[in-house]
Amino acid sequence: MAINWTKEKIAELTVQEVSALQQNARTRGSLEIVNLCEEVLSKKKPIRKTRTSSTTKTLEAECSHQLSEVAKVLANKYDLSAKTATSKSVGIKGFRPHNLTSKDGQAKLGGEQRTGKAAIDRYISYRVKNELASFGAWLVTKDEVEKLVWQVFGDKNYFPNFKPIKEMRPNHSNPDSSDEIGGEEFVDFSKASEKFEEIISKLALQKNEA
């Protein structure tokens, strides 16, 4: 569910957290939240309490919700079923289809967050044949919320500004990984979601075409 942001809740965040929330709200067109953030920022003192685990979880929940909403739109528009992906991948040794989201419909938990190596590693993904596409929120440390980014991974040919994963996630990926594995990084959520759908449209048929 979406976070029900109020002026009081926003006021509990640090200046950096409010700024990040405002940016996310602006990309989603949530003008009410943008205005609330602006009002809170105008009254905040420069020094605030340090980030707590609870506020990190709040930001993570917001990111997960945004990704799950994208997943819902894509699942309604394209045939992303495991059955179809499997039938289209006959002959691919060891193929295992990816559910777009976790069982509860939220973004999946990435390995870097699961092992405590990153503050936020949430993603949605789809696989067919030998191609894997994913879209996720990435934040290395809870103390630098302004560095939250959206990462889209897929075939190198889909990205005009392609970067290997070891450049996108330095110290968080295998340094010996292939330079063919990677994608593109975005600050703007809407641009990242558009890129992910662009890739999905090349891997799956729209439901009215299937």
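Bear in mind that the values in this text are calculations on the coordinates, not laboratory data. Please read these numbers as outputs of a predicted model, since none were measured by experiment. Cβ: placed from backbone, ideal geometry, glycine included. Neighbour counts: every protein chain shown.
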> How far is helix 31-43 tilted off the main Cα axis of the chain, in degrees rounded to 10, range 0 to 90?
Replying inline: 40
> Quick one: what does P(r) look like for the chain with 10 Å bins over all Cα pairs, in whole %?
Replying inline: 8, 32, 34, 18, 6, 1, 0
> Spin-label point model (7 Å from Cα, Cβ direction): what's the Ser102 to Lys7 distance in nm?
Replying inline: 3.4
> Quick one: length gained pulling Thr84 to Asn35 fully straight, 0.36 nm per residue minus the C-alpha distance?
Replying inline: 13.2 nm
>> If each residue of separation counts as 0.36 nm, what is the full-extension length gain between Lys191 and Ser173 once their alpha-carbon separation is subtracted?
In response: 4.0 nm
> Spin-label point model (7 Å from Cα, Cβ direction): what's the Leu109 to Glu198 distance in nm?
Replying inline: 3.3
> Using 1/(1 + (r/R0)^6) with R0 = 35 angstrom and r between the beta carbons of Lys43 and Lys77, what's the FRET efficiency to the nearest 0.05?
Replying inline: 0.25
>> Could you give the length gained by full extension between Thr141 and Ser19, i.e. 0.36 nm per residue of separation minus their alpha carbon distance, to one decimal place?
In response: 42.3 nm
> Using the alpha-carbon atoms, what tilt in degrees (0 to 90, nearest 10) does helix 189-203 show relative to the longest principal axis of the chain?
Replying inline: 10
> What size of dipole, in debye to the nearest 20, comes out for the chain about its Cα centre when the only charges are +1 on Lys and Arg C-beta atoms and -1 on Asp and Glu C-beta atoms?
Replying inline: 500
> Which of Val40, Val73, Val152 moves the most in a Gaussian network model of the chain with Cα springs under 10 Å?
Replying inline: Val73
> If one takes the longest principal axis of the Cα atoms in the chain, at what angle in degrees, from 0 to 90 and to the nearest 10, does the Cα axis of helix 53-77 lie?
Replying inline: 40
>> Helix-only estimate, please: 222 nm mean residue ellipticity of the chain, summing -39500 (n - 2.57) across DSSP H runs of length 4 or more and dividing by its residues, to the nearest 500.
In response: -12500 deg cm²/dmol
